[in-house]
Amino acid sequence: MRGKNILVAALTMLLMTSPALAQKKAARNTAGSDEIKTVLEKLFAAWSDLDPAKAAPFYAKDADLTFFDIAPLKYNGWSEYTEGVPKAFAAYRSGKFTLNDDLRTHRHGNLAWASATWRAELTKKDGSKENPEGRYTAVLEKRGQQWLLIHEHMSLPAPPH
């Protein structure tokens, strides 16, 4: 009988501590979510002028980082990125980029990654408008007190076949 009581007590303790452990893991995984969300919202707002200089404070400037969000297919390092992006936006006058409310963030130490869908309202220099939607993925690193993008990728849905 005593062995049965010990087993019941052990199972009861396990069942009582499991939710607490799961909450602690979830809290650790989402710690800083609001801070990262704020950084990404400010980043998207900074791109409204279609000027990489306005968005520059949100990016790490390491020469070996690769960014895959604005045509052509990729840029190696910040200087290549800032030279190529204005060419890609040459036909546009303005833009508004918005993260949708499905943003998910995950943090592991000083690294975090986030993904969300997005939408844009782009106005071409001829006055015509485009409204693309897509998926955004970012990898950020906390350097000092600031989260900086070290990799990002934007994609548009593939056209149906």
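Throughout, read-outs are computed from the coordinates displayed, never taken from laboratory work. The structure presented is a predicted model; accordingly, all values stated were derived computationally and were not measured.
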Using a Cα-Cα cut-off of under 16 Å, which aspartates and glutamates could be cross-linked to K125, ignoring same-chain neighbours fewer than 8 residues away? D49, D51
Multiplying the sequence separation of S155 and D101 by 0.36 nm and subtracting their Cα-Cα distance, what value in nm do you get? 17.7 nm
Pairs from K74/K142; K37/K124; K61/K129; K87/K142; K74/K96 whose Cα-Cα separation, in the structure shown, is over 25 Å: K37/K124; K61/K129; K87/K142
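Just subtract the alpha-carbon distance of R119 and A60 from 0.36 nm times their residue separation and send over the number in nm, one decimal.
Details: separation 59, 0.36 × 59 = 21.24 nm, distance 2.42 nm.
My answer for the length gained is 18.8 nm.
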